[in-house]
Amino acid sequence: MKKHSSVLSKNYGALIPLKIALVYAVVAGLWVLLSDEALNLLIKDPATITRLSIIKGWLFTVVTAILLYLLVYRYMSALQRKDDKLFEIVQGVSAATGEAFFQSLVRKLSELLNADYVLVGNLTGEGMTKVKTIAVFGKGSPRENIEYDLAGTPCADVVSGEGKMCFHPSGAAAQFPQDHLLVGMGVESYMGTPLRDVDGHVMGIMAILNCRPFESRDEAEAMFRIFAVRAAAELERKHRVDDLKAAEARYRLLFESNPHPMWVYDLESLAFLAVNDAAVIHYGYSREEFFAMTIKDIRPVEDIPRLLDSISRVSPGFGQSGYWLHRKKDGMVIDVEITSHTLSFDGKAAKLVLANDVTERLRAETALLTQFSQISTIFDSLNAIVYVADMEDYRLLYMNKYAASIFGSDWQDKFCYEVLQEGRTKPCDFCTNDRLVQDGEPLPPCIWELQNARSGRWYQCTDKAIRWVNGQLVRMEIAVDITEHKDMERLKDEMVSAVSHEMRTPLTAILGFTEFMLEHKLPRQEQETYLGTMQREAMRLNDLIGNFLDLQRLSARNHSFAFMPLEIGAVLKEAVDLFQSTSQKHRLITDCPADLPKVRGDSRQLYHAITNLISNAIKYSPNGGTVTIAARLKGGMVVVSVSDEGIGIPAEELERIFEKFYRVDNTDRRTIGGTGLGLSLVREIVHTHQGKVWVESEPGKGSSFFIALPVAEKEL
Ligand code: ADP
């Protein structure tokens with residue numbers, strides 16, 4: 001490592017004094033030796049020699065004293081010069097701060113180093129490719145600041161180098177021909193150093209430019225370094241101050257230009273310390289009026305206890321928000337949404353407040369809520385599912401009472417697919433969201449049908465995008481239960497196909513026999529046999545149509561019943577009478593106590609149900625037997641039973657025989673005609689009577705059908 005010179009000159013240590021001492025010793029020794037020898041040679045008189053020796057001694061002393069004087073004088077002058085320079089340096093680097101400091105710095109450097117030009121500059125521009133000077137001193141006077149591109153100048157090497165000083169003792173302009181400034185000024189020598197911040201980043205540059213070659217580099221470099229360190233520190237300080245000022249200006253601008261009223265108030269005296277233009281305009285007070293008031297003065301009296309309570313609970317630096325009432329200068333009370341922050345303002349504990357006037361918004365929201373509550377009352381009275389869901393995150397926003405009664409009342413904050421569907425964890429594939437909005441505008445409603453997985457019921461859904469209270473587009477669905485309508489349609493289809501199928505058999509028989517009789521002249525007896533068959537088939541057709549129409553009427557619930565207290569015994573008798581003479585193989589027994597209470601029923605319908613059961617009992621006892629029609633009072637109900645000794649019903653079929661068109665299909669029964677409608681008709685009739693129907697059976701032994709009917713109220 002290079003040994004650095006002292007601040008102003010080289011350190012010669014003890015060498016020079018030693019040299020002087022040696023020279024002095026040699027010269028003095030020679031003088032003593034040679035002068036004595038010369039005296040002895042030239043003068044023979046000892047007295048004269050003695051006198052001259054004394055004079056020689058004095059002469060030596062005087063000369064030595066003069067030499068010593070000159071030596072000390074020179075040394076002291078050099079010390080004085082060093083002192084002066086040190087003083088100048090100290091003055092140069094400690095004078096002032098800011099602009100004045102840099103002006104003083106360049107002046108002192110120029111004077112101390114006898115430099116033609118000295119400049120200090122900041123790096124600026126995108127990518128720090130330019131220098132903007134802060135102070136320039138040239139040819140004895142301060143100069144205008146300039147801005148120049150770094151490219152092609154010796155300063156570029158200073159910035160890009162490893163922080164080292166850049167030194168061109170001569171021919172600087174020739175080395176940088178592109179640097180027009182340098183060439184124009186006729187610069188011959190150049191010394192530059194980067195100015196770095198504490199993190200080592202280059203912030204600026206300091207340079208000396210001379211119109212002659214550099215003479216004493218060491219001394220200049222030493223001084224330059226001292227100034228550079230101080231300049232860098234000052235430049236960094238200046239940057240910090242500039243940043244602070246810029247930040248303050250930005251915050252002031254934010255405060256002043258904020259469209260919402262803002263102010264700062266003293267937390268102790270509650271006096272306003274600062275207010276922005278928006279506050280002045282909005283509240284109607286001038287700045288002076290604000291500064292003469294406290295925060296209490298813009299609050300309605302009744303709101304002040306709450307204010308004082310909130311101030312007592314203020315925690316430092318904590319951002320708070322809330323709704324307050326404020327009073328304007330004209331006396332109007334407004335609703336305000338406040339955001340506040342405690343801070344230190346001019347050394348006082350204060351609060352910065354941003355006040356957003358929400359009077360209009362709250363009014364609109366209240367109006368909307370009132371409107372919505374009216375609509376929701378209407379929706380709640382509907383027998384249809386009505387719900388509203390967010391189209392972005394699928395959260396339920398509203399559900400009417402009917403929907404809540406089906407899907408549960410804890411729907412709040414849940415997803416629509418999770419509440420309305422079964423086991424869904426993501427939006428439904430059939431969701432209509434995409435079909436409801438186009439270019440941010442609602443499209444016409446989307447109407448569709450769906451069988452709900454949770455309730456198993458069919459709904460006709462009308463989906464529409466509507467604007468919600470917050471202005472956002474949401475999906476509203478109104479779903480009407482169409483299960484019965486659907487069932488009816490299905491039933492109709494089933495009936496049409498089943499009935500047309502069942503009609504074909506008797507019709508074919510009737511047509512066949514008619515055709516045969518028309519084509520052939522038959523004896524009377526044969527004719528009667530054929531006509532008997534035709535009549536039976538026609539009656540079967542009649543039964544079929546009758547049953548079908550009855551069932552359809554019952555299913556459609558458009559059949560009017562004439563309920564009244566009636567004696568079941570009379571109905572049973574009438575029914576038994578119908579079948580009494582139809583079969584010789586069967587014996588019909590009626591077992592009905594005379595004191596049975598009356599039932600509440602429609603005699604025509606009950607007659608219809610019981611005749612169906614007796615008809616089946618006869619039909620499914622092809623080998624004949626006893627058919628018992630009985631009635632008993634059991635558990636507060638009158639239970640009618642029709643028992644036979646026929647083919648019976650397999651256990652696994654017992655549940656299904658009451659379904660429409662269901663017929664037990666086995667070889668025994670193939671020949672027995674039927675539509676599968678009789679028992680479903682019986683079930684419908686019994687259900688409309690709030691009764692119950694069931695069967696007990698043992699295959700090969702017989703079956704018993706039971707109908708339990710409620711006793712008429714008057715009888716109880
Ligand atoms: P169907 O027109 O076929 O008689 P139903 O609805 O009256 O239609 O009866 C349904 C089925 O129940 C019948 O097909 C028959 O197999 C069975 N069934 C009804 N009543 C009896 C009975 N008393 N004994 C045996 N099976 C019966």
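The values are calculated or read from the model by the stated rules, or taken from the named source; none is laboratory data. Keep in mind that what you see is a predicted model, and the values were worked out from it rather than measured. Here Cβ is always computed from backbone atoms with ideal geometry, including for glycine, and neighbour counts include all displayed protein chains. These accessible areas exclude ligands, DNA and RNA; they are computed on the full protein's heavy atoms, side chains included. Shrake-Rupley method; radii C 1.70, N 1.55, O 1.52, S 1.80 Å.
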Self-check item: Probe 1.4 Å, all protein chains present, accessible-area order of Val301, Val576, largest first
Solution: Val301, Val576
Quiz item: Taking square-rooted eigenvalues a ≥ b ≥ c of the alpha carbon gyration tensor, is the range 251-297 rounded, prolate or oblate, where a/c under 1.5 means rounded and, failing that, a/b exceeding b/c means prolate?
Solution: oblate
Quiz item: Is the range 487-619 best put as rounded, prolate or oblate by its Cα gyration tensor, with a ≥ b ≥ c the root eigenvalues, rounded for a/c under 1.5, and otherwise prolate when a/b is larger than b/c, oblate when not?
Solution: oblate
Quiz item: Where does the Debye-calculated log10 I(q)/I(0) of the range 98-181 sit at q = 0.13, 0.23 Å⁻¹, using only Cα point scatterers of equal weight, no solvent?
Solution: -0.44, -1.32
Practice problem: Could you compute the FRET efficiency for Thr294 and Thr366, with r as their C-beta to C-beta distance and R0 at 41 Å, rounded to 0.05? | Solution: 0.85
Practice problem: Would you calculate, for the chain, the mean residue ellipticity at 222 nm contributed by helices, counting each DSSP H stretch of 4 or more residues as -39,500 (n - 2.57) and dividing by all residues, to the nearest 500? | Solution: -15000 deg cm²/dmol
Quiz item: By how many nm would the segment from Ile589 to Phe345 lengthen if fully extended, with 0.36 nm per residue of separation less the alpha-carbon distance?
Solution: 76.9 nm
Exercise. Could you pull out every one of the lysines with an alpha carbon less than 30 Å from that of Lys585, ignoring same-chain neighbours closer than 8 positions?
Key: Lys573, Lys619, Lys660, Lys701
Quiz item: Tell me, what is the 1.4 Å probe accessible area of Tyr69, in Å² to the nearest 10?
Solution: 140
Quiz prompt | Neighbourhood charge, 13 Å Cβ-Cβ cut-off, centred on Ser77 and excluding it, Lys, Arg +1 and Asp, Glu -1 | solution = +2
Quiz item: In what order, largest first, do Lys348, Lys108 sit by accessible area if the probe radius is 1.4 Å?
Solution: Lys348, Lys108
Exercise. Return the carbon/sulfur percentage of the accessible area of the chain, one whole number, probe 1.4 Å, all protein chains in place.
Key: 57
Practice problem: Compute the FRET efficiency between Asp429 and Asp242 as 1/(1 + (r/R0)^6), taking r as their Cβ-Cβ distance and R0 = 60 Å, and round to the nearest 0.05. | Solution: 0.45
Quiz item: Shape call for the range 543-636 from the C-alpha gyration tensor, a ≥ b ≥ c root eigenvalues: rounded (a/c under 1.5), prolate (a/b greater than b/c) or oblate?
Solution: oblate
Practice problem: May I ask for the angle, rounded to the nearest 10°, between helix 98-112 and the longest principal axis of the chain, with both axes built from Cα atoms and the value confined to 0 to 90°? | Solution: 30
Quiz prompt | Rough spin-label spacing in nm, given labels placed 7 Å along Cα→Cβ, for Gln374 and Ala78 | solution = 10.7
Practice problem: Keeping all protein chains in position, work out how much accessible area Leu396 exposes to a 1.4 Å probe, and write it in Å² to the nearest 10. | Solution: 10
Quiz prompt | Compactness of the chain as Cα Rg over 2.2 N^0.38 Å, two decimals | solution = 2.26
Practice problem: Starting from the Cα-Cα distance between Met503 and Val27, subtract it from 0.36 nm times their residue separation and give me the gain in nm to one decimal. | Solution: 155.1 nm
Practice problem: Report the extension gain between Asn40 and Arg656 in nm, rounded to one decimal, defined as 0.36 nm multiplied by the number of residues separating them, less their alpha carbon distance. | Solution: 204.9 nm
Exercise. Determine, from the Cβ-Cβ distance of Ile672 and Leu633 and an R0 of 35 Å, the FRET efficiency 1/(1 + (r/R0)^6), rounded to the nearest 0.05.
Key: 0.55
Practice problem: In nm, give the distance between the simple-model label positions of Phe516 and Glu215, each being 7 Å from the Cα along the Cα-to-Cβ direction. | Solution: 15.4
Practice problem: Assign unit charges at the C-beta atoms only (+1 for Lys and Arg, -1 for Asp and Glu), then state the dipole size of the range 42-86 relative to its Cα centre in Debye, rounded to the nearest 20. | Solution: 80
Quiz item: When all protein chains stay in place, what accessible area (Å², nearest 10, 1.4 Å probe) is found for Leu613?
Solution: 10
